[in-house]
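Heads up, the thing below is written out as structure tokens.
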Amino acid sequence: MSALLTVRDLRVGFRTDDGLVRAVDGVSFDVRAGEVLAIVGESGSGKSVTAQTITGLTRAPNATITGSVRYRGQELVDLDDAGLRAVRGEQIAMVFQDPMSSLNPVYRVGDQIVEMIRAHRDVSRAEARERAVELLRSVGIAQPESRIRDYPHQFSGGMRQRVMIAMALALEPAVLIADEPTTALDVTVQAQILRLLARLNRERDLAVIMITHDLGVVAELADRVLVMYAGQVVENGTLDDIFYRPQHPYTAGLLGSLTRLDEPRGRRLPQIPGQPPSLLTPPQGCRFAPRCAHRFDRCAELPELDDRGGTGHLDRCWLDSEHRQRLREPVVVS
Amino acid sequence: MSKGDPLLEVTDLVKHFPVKAGAVVDREVARVRAVDGVSFTIREGETLGLVGESGCGKSTLCRALLQLTAPTSGSVKFLGEELVGRSARELRPVRRQMQMIFQDPFASLNPRKRVGQIIGDPLRLHGIADGAGLRRRVQELLERVGLSPEHYNRFPHEFSGGQRQRIGIARALALRPKFIIADEPVSALDVSVQAQIINLLRDVQEEFGLSFLFVAHDLGVVRHVSDRVAVMYLGRIVEEADSDALFARPVHPYTNALLSAIPIPDPERNAARERLVLEGDVPSPIDPPSGCRFHTRCPWATEVCAREDPPLVAHLSGHLAACHHPRHVPATASAPVVAAAESGSAAPRSG
């Protein structure tokens with residue numbers, strides 16, 4: 001299947017008083033129609049900046065953006081504002097982490113959806129209102145006819161996130177970028193939102209790019225997974241590749257350090273030493289090497305993201321296949 | 001594993017916040033029932049995990065235990081001594097024994113103080129050490145939590161989140177307390193750093209013989225560190241049991257729902273498990289539902305649930321649970337045996 005969205009060697013740097021922050025440093029991946037791609041990483045790994053750059057949200061006087069983002073063959077990186085507006089919302093929509101600050105608190109929820117529809121479509125107010133009701137119903141909001149007259153504060157966090165998703169779907173985009181959409185929500189509400197996203201993906205063939213730090217959310221929803229570390233993709237594979245056959249020591253370390261419900265209690269957790277590097281002065285060579293238990297001479301040189309096993313499972317690591325097997329063995333910690 | 005004597009005994013603890021309104025004179029028009037009759041015991045060397053969603057009263061409970069907010073009624077006994085109703089001066093010696101580790105390592109350290117001051121102030125204020133002795137004690141603590149003694153003169157902003165949480169732990173340990181409340185100590189940290197802090201907490205628990213009340217929403221973390229776990233919903237404990245028992249055979253439908261809502265970072269196990277997805281949101285603690293507070297969202301609710309508030313009772317499996325339709329309870333034990341075993345009655349309150 002051909003890719004809907006192709007990102008190639010994307011680099012985003014921000015000039016700051018302290019120097020150039022290389023937030024995204026050579027990121028490449030594809031998103032296919034109808035697939036759920038999870039981008040997982042810790043804070044500062046560049047996952048949100050990658051997502052925001054796709055829709056042109058990181059354009060700023062102090063930002064330098066290079067590389068390519070193509071949507072159905074159209075280049076977005078150097079597209080002018082009018083062209084970008086035709087893509088944003090229409091083709092690629094976005095949902096953010098905090099549903100309270102994403103809605104305008106002084107306008108009724110219905111009016112915000114109506115305004116958004118009418119900015120893009122030549123329809124009457126009544127038609128747009130009808131469409132808003134239908135959208136709210138489709139994301140599971142009860143009595144949408146009366147709820148469109150409510151203000152954002154009259155909705156709970158989970159309901160507000162449903163409103164944001166409804167608004168994102170209003171123009172029937174092909175891609176939905178969800179940036180930590182459930183991080184601010186309680187777990188029982190998170191379960192509802194994840195179920196909604198899974199249903200929309202299935203019923204509308206909507207491609208979803210899910211940005212998250214939670215490997216549980218990844219396991220729940222994703223078809224493919226990108227693992228990011230210090231501005232780079234370190235591993236790219238199917239859900240099962242990443243969880244059952246991790247090839248990069250960072251991925252294996254993250255999975256190993258999780259508390260698990262099927263492990264005996266009280267054992268010492270295998271831990272990754274140290275902390276993620278500064279993006280002002282990232283390590284030479286492999287970015288993860290300073291924290292890696294498997295590093296050797298070659299790690300002084302930065303490995304490319306490559307399909308070393310020929311299975312479509314990409315990684316950025318110099319280890320040979322024999323060592324990779326060992327990544328999956330239980331770690332003994334002193 | 002046998003644990004020591006009761007360290008903290010909480011009986012029927014209530015904290016209500018008045019909601020006031022009025023043109024000239026404020027009158028109480030409603031009450032937020034943040035904590036509404038909570039009883040439990042923590043023994044020496046034991047960790048009790050506390051889980052629940054936002055607004056269930058976890059944080060208010062922590063503050064009421066430490067007397068940072070005066071409880072409306074009920075009793076908190078620390079080593080047999082009643083804390084409720086004591087003056088600030090009378091509380092001071094007890095405060096040495098009870099410390100807290102906070103969620104946000106960016107907000108819980110004074111940005112204008114050096115690390116040495118942050119950790120050393122409690123020692124100075126309680127007259128335990130000063131001068132060179134103080135410096136030595138602080139540097140020992142820094143080493144103990146995995147930082148370097150040279151960090152003594154640095155400011156908090158020079159540290160990462162994980163390192164700041166280590167500073168918070170060193171500060172909590174400075175007075176050699178017996179009991180620490182850890183309120184979401186790892187949830188603000190990066191995943192790769194969480195394991196370091198969890199391991200550190202276990203190590204210092206063993207070394208200092210600490211008891212913990214470990215508050216978190218991540219059930220995997222809670223199970224890992226806790227001997228027993230209590231589940232809170234709308235100001236009440238709805239289930240309490242040994243950690244393994246609670247996770248293997250949850251009795252209360254809310255515990256079942258919580259366990260099934262949390263995504264497991266393992267695709268096959270995640271897909272294979274039983275699902276119980278709750279509808280709706282947590283109701284307001286201002287006007288909690290009649291009868292069982294969970295009945296509005298409970299998939300197993302019947303008419304009795306809307307009418308009668310189920311007491312927290314002991315089941316044969318060792319669980320305490322407040323439910324009319326408990327699950328995973330052996331058939332022979334379907335009739336609850338005794339009212340809330342050791343922690344006294346947690347029967348429904350009227351008003």
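None of the figures in this text is laboratory data; all of them are computed from the coordinates on show. All values reported here derive from a predicted model rather than from experimental measurement. Reconstructed Cβ throughout: ideal geometry from the backbone, glycine too, with neighbour counts over all protein chains shown.
Points worth noting:
- Assigned charges on the beta-carbon of Lys, Arg, Asp, Glu; the protein assembly as shown dipole about Cα centre (debye): 1420
- Mean separation of Cα contacts under 8 Å, 6 or more apart, over the residue count of chain B: relative contact order %: 19
- Extension gain, A:SER68-A:ALA33: 0.36 nm per intervening residue step, less the Cα-Cα distance, totals 10.7 nm.
- Debye log10 I(q)/I(0) at q = 0.08, 0.13 Å⁻¹ for chain B, Cα point scatterers: -0.42, -1.06
- For the stretch B:89-105, the residues whose backbone nitrogen is under 13 Å from a point 7 Å from the Cα of B:ALA70, taken along Cα to Cβ, are B:89.
- Our Cα-only numbers for the protein assembly as shown put the radius of gyration and Dmax at 26.6, 79 Å.
- Cα coordinate range in chain A, projected on the principal axes (Å, largest first): 67, 48, 43
- Tensor-based shape of the stretch B:39-96 (alpha-carbon gyration tensor, a/c under 1.5 rounded, otherwise prolate or oblate): oblate
- Helical runs (DSSP H, four residues minimum) scored at -39500 (n - 2.57) apiece and divided by the length of chain B put the mean residue ellipticity at 222 nm at -8500 deg cm²/dmol.
- For the residues of B:185-191, the average number of beta carbons from a partner chain within 10 Å of their own beta carbon is 4.
- Secondary structure note: in chain A, about 60% of the DSSP beta bridges are antiparallel.
- Sorted by Cβ neighbour density within 10 Å, fewest at the top, the residues A:ASP320, B:ASP309: A:ASP320, B:ASP309
- Of all aspartates and glutamates in the structure, those lying under 15 Å Cα to Cα from A:LYS47, and not within fewer than 8 positions of it along the same chain, are A:ASP9, A:ASP25, A:ASP30, A:ASP179, A:GLU180, A:ASP214, A:GLU235, B:ASP190.
- Relative contact order (%) - the stretch A:245-327, alpha-carbon pairs under 8 angstrom, separation at least six: 30
- Evaluated with a Cβ-only charge set (Lys, Arg +1; Asp, Glu -1), the stretch A:245-327 carries a dipole of roughly 460 debye about its Cα centre, given to the nearest 20.
- In the distance distribution for the stretch A:245-327, Cα-Cα pairs more than 23 Å apart total 28 percent.
- Here chain A is assigned +1 on the Cβ of each Lys and Arg and -1 on the Cβ of each Asp and Glu. Its dipole about the Cα centre then comes out at about 500 debye.
- 0 to 90° range, to nearest 10: angle between helix B:131-144 axis and chain B longest Cα axis: 50
- Annotation for A:ARG326 and A:ARG298: the two label points, set 7 Å from Cα along the Cα-Cβ direction, are 1.3 nm apart.
- Entries of B:LYS15/B:LYS77; B:LYS113/B:LYS178; B:LYS77/B:LYS178; B:LYS15/B:LYS58 with Cα pairs more than 23 Å apart: B:LYS113/B:LYS178
- Helix A:187-204 and the long axis of chain A differ in direction by around 80°, with both axes built from C-alpha atoms.
- Over chain A, relative contact order from alpha-carbon pairs under 8 Å, at least 6 apart, %: 20
- Of the GluC sites (Glu not before Pro) found in the stretch B:246-317, those in coil by DSSP whose Cβ has at most 12 other Cβ atoms within 10 Å are B:GLU274, B:GLU279.
- Residue with peak Gaussian network fluctuation, chain B [Cα springs, cutoff 10 Å], from B:SER187, B:SER211, B:SER226: B:SER187
- Estimated from the Cβ-Cβ distance and a Förster radius of 45 angstrom, the FRET efficiency linking A:ASP307 and A:ARG267 is about 0.80.
- Helix-only [θ]222 nm of chain A, DSSP H runs n ≥ 4, -39500 (n - 2.57) each, per residue, nearest 500: -9000 deg cm²/dmol
- On Cα atoms only, tilt of B:115-125 relative to the major axis of chain B in degrees: 80
- Signed unit charges on C-beta, dipole axis of the protein assembly as shown, positive-most listed residue B:ALA248, B:VAL238, B:GLY168: B:GLY168
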